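Reading through the C-alpha cells given below for one structure.
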There are 2 protein chains.
Amino acid sequence: MIYVRGMTTPSGDERAVPGSPADVLTLIGAGSATTRADLARITGLARSTISQRVDQLIESRLVSETEGGESTGGRPPRQLRLRTADNVVAGVDLGATHCRISLMDISGRTLATHEDPLLISEGPETVLAHVDRRIRGLLADAKLTPEALKAIGIGVPGPVEFATGRPNNPPIMPGWNAYPIPDYFTERYNALVKVDNDVNVMALGEHRAAFPDTRYLLFVKVGTGIGCGIIAQGRLHRGAQGCAGDIGHIRVSGHDEAGCRCGNSACLEAVAGGGALARKLTELGFPAESGSDVVALVQAGNTQALRLVREAGRLIGEVLASLVNFFNPEVIVVGGVLAKVHDHLLAGIREVIYRRSLPLATHHLAIVPTRTGADAAATGAGMLAIEHFLAPENINRIVTEAESAKTPTSTGG
Amino acid sequence: MIYVRGMTTPSGDERAVPGSPADVLTLIGAGSATTRADLARITGLARSTISQRVDQLIESRLVSETEGGESTGGRPPRQLRLRTADNVVAGVDLGATHCRISLMDISGRTLATHEDPLLISEGPETVLAHVDRRIRGLLADAKLTPEALKAIGIGVPGPVEFATGRPNNPPIMPGWNAYPIPDYFTERYNALVKVDNDVNVMALGEHRAAFPDTRYLLFVKVGTGIGCGIIAQGRLHRGAQGCAGDIGHIRVSGHDEAGCRCGNSACLEAVAGGGALARKLTELGFPAESGSDVVALVQAGNTQALRLVREAGRLIGEVLASLVNFFNPEVIVVGGVLAKVHDHLLAGIREVIYRRSLPLATHHLAIVPTRTGADAAATGAGMLAIEHFLAPENINRIVTEAESAKTPTSTGG
DNA sequence: CTCTTTTCTGTCGATGATCGAACGAAGTGA
DNA sequence: TCACTTCGTTCGATCATCGACAGAAAAGAG
C-alpha cells in the first residue's frame, strides 16, 4: 500500500477537488479505490470523467485492470491496480561495509533483495559500478528489462545535499564529496534517481511500512554511530542544510572525559555508540571491535555487555528526552545493529524519557523497536523512489506524453 | 505584505495551475501582482478569466481598485489591493500579567495597539470580557464597526489544543483548562477565532515580519520561563499533542541541585529562566522578583547580574546546540524580556552553539535578537488571524456566498 | 428458466467555464 | 494629430465535464 499525501488532509490545505490523472492514480495506489465506481464516489466526479481518466492511465501503462470483482448484487466491477508488471524501482542501501539492494514494484511489494559486503571507501566509481551490476542482475532474475526500472532510491552513510544528490563532506566516504551520484544512473537507465542519508531512508521505510498514519515519528539508529531520521507531517524533515537529525554529537552530561572523532568531548556517539561500547568491553577484557560484536556478547549472556547496553540506553534516553519536549513526536522507533538487543536498550531509553519528559508529551508516546529491521534502509530507499515516481508532476507528465504520442498532432498534409 | 504559502513551491507540491479566486487573491495579497495584466502573466490564465475573477473579488469586498498606475507606454493599469478599509483583524497577546491587543488590517499593517495590565489568573470570563471591551474600543477609535472585524488571533501563556482552541492543563492559567475560548468571541462577533500558545504566535510574528523567506526558524523566548516556537517549511510545528517547543524543562548538565516547579531538577528554566536569575540575585543581596528586575539590574551595570545573564546564555546555548544538530534551523531568534539585554545573553548562547554544534549546521546559522520586540506576540496573533481569514477555503466560501446572494436563483414565478 | 432488479461501464448530446480574437480605453512619443 | 503601446472588456468559439441513457453482467424472485 502506497502512502498518500494530500487527499485525507490533516492540515486542511492541499487541493480540494482531486481532478488530474495523478490524483486518480494516487487513490488507486493507496487502495482507497479499486474500481471506477469507487473513484467516482470518492472524488465526486462523474463516472464518465473517471472512465476517461482511467483509460488514460491504462494507456500510459500505469494502471492494470482485472476481471473478477465481487458483485454486490449487480454487475461486478473491474478491479483497478497499479500496473506492477513492468513498473519497478530499486532501493539501494549503502553502508560503510555493505550494499543491500531491494527490487520493489511500485505498489511497494519487495520482489527480491540482495546483500553484499562492499566497502564504501573504495570510492564512487567502484561502488556504483557494483550497484549497477547488482541491479541488472536482480532485474534479469525477475525476468524484467532495464526499461521496467522507473526509479532508483539510494541511502548513503553521510550527509547529502538532497536536491542534487551529492554527498556533503561525508566523514566516512572518502572520494565521494560532491560526487553527482544521480548522473551515474541517469546515464545508464531511463529512471529517476534520488539520494538521501541512510538514516533518513530508514525513517521513511519504517514510517511507510509500519506507521503510515503517524504524523510525527523519530527513527533512532544505534549502530557504530548514532543518528536520527525525522518524520513531520508524514514527510522527512531534512533541515536547512539537509543535516537535521545528527544527534550523535549532542553532549551528554557527566562524560567530559570521552573524546569524540568530531573533536568535541562527551558526544552521545562517543559514549553510547556501538564503537564506544566495543572499546569499553575490550578494556574490560572482552574483545569487541564493532556494534555487532557487542550484540554477540549480550546475546551470549555477558553481564558487562548487558550493563553497558542498558547504560547506553539511558544516555540515549537523556538526549531523546530533550527531543521529545522539543519535537513532541507520537512514535520513537529504535533501529540499527544495537536494536537487535532492544530489550536492554529500550529499557534504558524508556526509563529516562518517562522520567524526564513532559507528561503531556509522553502520555501518548510509543517507544518501540524497529519492525523493518535490516530491511529498513533498502525498503525506505525504494519508497523514496516510488514516491518520486508517483509524484503528481511526474505522473501528469507521463500521461500527457502518452496522449501527445498517440495523437500525431496532424503535421504536414 | 502577506506571507504566501503555495505558489513559489520549494518542495514541489501544492497545486500547479492556480485558478480559484483564492489563488488570485493570494497573489494580490503577497504583492506578487498588482494589476489584472500582472495576474494574467503570472497565472497563465486568459485576461478575460482574470477579469472575471477580480470582479468576483471586488464584488465580495475583498479587493479594492485604484486608478493611477504608472504607464509603461500604454494605457496605465488599475492597481489592485487587498481591501483593507473594512477588513481588519485583532491580534491578542495574553500574558501572565498583561493584555496587549493590536488592530491590524488584512494586509498586515498595524492600525493601533493597546496594552493593559491584566491578570490571566482572574479566569476566562473576566479576562475575555476585558479583551472584548478593548477590541470594541480599538474598533471605535478606528471608526470601524464590529462587522469589519473578520478574524481574531489569540496567544495565551500555556499549551493549547489548537484545533479546538482550548487550553490543555495550563500551569499558570487557573480556571482556563479546556475553556472553549473561540466560542466566547464567535457568539459576539462574526469572525474566525484561532487560539495558540504565546510562544508559537511570537515565532509566527517574528517569522512573517522579519524572516518571511526563512524556511526553518526557532524563536526562543527567555522570560520568567523559557519556551521555543518552531517554524518548519514556513509553518508552525506544533507536534503531536501541540506541546512542541517546550524546552524549558530540558535537563542541563551540572545543575542537579536546582529543583524546578515541574518536579524534576536541573531544568533549563530552573537555572536560566528570569525567575531563577531573580532568585539568585536576591540571594546575592540584589533584590529582584522577575525577569524585568534582572534586566533593570543589568542595565544599571550590576556586574553580578551581567555575569548571571551571560551564564544563562551559555546554559540556553547548551540546549540550543543540541537542537541545532537535531533540527538544523537557518535562524534562531531570541526574544522575551531577557532579550532586552541581548548583548550579554546572545554572547553566551553563540559561544556554546558555535563550539558544540556541527559545522555544517552552524555555517549558515544566524543567531539574532528579536526585531519585533514586545510586538511579537500581538502581531503574530494578528498574522494567525489574517492567514486563517485569507485561507483558500474561507475565501472561496466568501466568494461563492456573494455570488449566490447576487443571483436570486429564480425561485417562484 | 425467465424476468426483474441491481450495479457497473461506455456513449453522446448538453452545459458551462475558459479561451482568444477583436474592440474600445487611455496613456506615450514623434 | 497620429501612430503605437498597453490595459481591460466583450463575445463567440472551444473544450472539459456532466448527466441521462443504454448496454453489460451479475444476483435474486417467481
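Conditions tested, residue by residue: (1) crowded, with 16+ Cβ neighbours inside 10 Å; (2) over 27 Å from the mean Cα position of the chain (by Cα); (3) near DNA strand D (Cβ under 8 Å from one of its atoms).
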site	(1), (2), (3)
B:S48	no, yes, yes
B:V54	yes, yes, yes
B:E59	no, yes, no
B:V63	yes, no, no
B:T66	no, yes, no
- Task: For segment A:169-195, enumerate the residues that are modelled with pLDDT under 95 and of a type in the set (S, T, N, Q).
- Result: A:N169
- Query: Just wondering, is there one or more residues in segment B:253-267 that are surrounded by 24 or more Cβ atoms within 10 Å (Cβ to Cβ) and either within 14 Å of chain A (Cβ to nearest Cβ) or within 30 Å of A:V352 (Cβ to Cβ) (or both)?
  - Reply: yes
- Limited to segment A:27-57, what total is found for residues that are within 9 Å of DNA strand C (Cβ to nearest atom), part of a helix (DSSP H, G or I) and closer than 24 Å to A:R109 by Cα? 4
- What number of residues within segment A:279-299 are of a type outside the set (G, A, S) and in contact (Cβ under 8 Å) with a residue 12 or more places away in the chain? 10
- Message: Please go through segment B:354-391 and give me each residue that is touching a His at 6+ places or on another chain (Cβ under 7 Å) and farther than 19 Å from A:N264 by Cβ, ordered by number.
- Response: B:P369
- Contact list, first residue from segment B:19-32 and closer than 10 Å to B:L62 by Cα, second anywhere and aromatic (F, W, Y) and within 15 Å of DNA strand D (Cβ to nearest atom), beta-carbon distance below 6 Å, six or more apart or interchain, is none
- Residue check for A:A381: assigned by TED's automatic domain parsing to the domain that holds A:G285 and either over 30 Å from A:V88 (Cβ atoms) or buried (at least 19 other Cβ atoms within 10 Å of the Cβ) (or both): no
- Query: B:N302 fails exactly one of the following numbered conditions: (1) on the phi > 0 side of the Ramachandran plot; (2) touching a residue at least 12 places away in the same chain (Cβ under 8 Å). What is the number of that condition?
  - Reply: (1)
- Name the single residue, out of those in segment B:205-215 being surrounded by fewer than 24 Cβ atoms within 10 Å (Cβ to Cβ) and touching a helix residue (DSSP H, G or I) at 6+ places or on another chain (Cβ under 7 Å), that is nearest to the other protein chains (Cβ to nearest Cβ). B:T214
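Restricting to segment B:134-157, count the residues that are crowded, with 20+ Cβ neighbours inside 10 Å and without any contact (Cβ under 8 Å) to a residue 60 or more places away in the chain.
Of the residues in segment B:134-157, 4 are crowded, with 20+ Cβ neighbours inside 10 Å and without any contact (Cβ under 8 Å) to a residue 60 or more places away in the chain.
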- With the condition kept exactly as written, say whether any residue in segment B:80-90 is touching a residue at least 24 places away in the same chain (Cβ under 8 Å), farther than 24 Å from B:F389 by Cβ, more than 14 Å from every other protein chain (Cβ to nearest Cβ) and away from DNA strand D (no atom under 12 Å from the Cβ). no
- Query: In segment B:247-288, how many residues are under 31 Å from the mean Cα position of the chain (by Cα), in a loop (DSSP other than H, G, I, E, B) and under 21 Å from B:H344 (Cβ atoms)?
  - Reply: 3
- Item | A:A339, sole failed condition from (1) over 28 Å from the mean Cα position of the chain (by Cα); (2) buried (at least 16 other Cβ atoms within 10 Å of the Cβ) | (1)
- Just one of the numbered conditions (1) farther than 24 Å from B:G380 by Cα; (2) within 14 Å of another protein chain (Cβ to nearest Cβ) is not true of B:L308; which one? (2)
- Identify all residues within segment A:62-79 that are free of Cβ contacts under 8 Å to residues at least 40 places away in the same chain, more than 8 Å from DNA strand C (Cβ to nearest atom) and in a loop (DSSP other than H, G, I, E, B); write none if there are none. A:E67, A:G68, A:E70
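The values are calculated or read from the model by the stated rules, or taken from the named source; none is laboratory data. Given the structure is predicted, the values throughout are model-derived calculations rather than measurements. For neighbour counting, all protein chains shown are included, and Cβ atoms are generated from backbone atoms with ideal geometry for every residue, glycine included.
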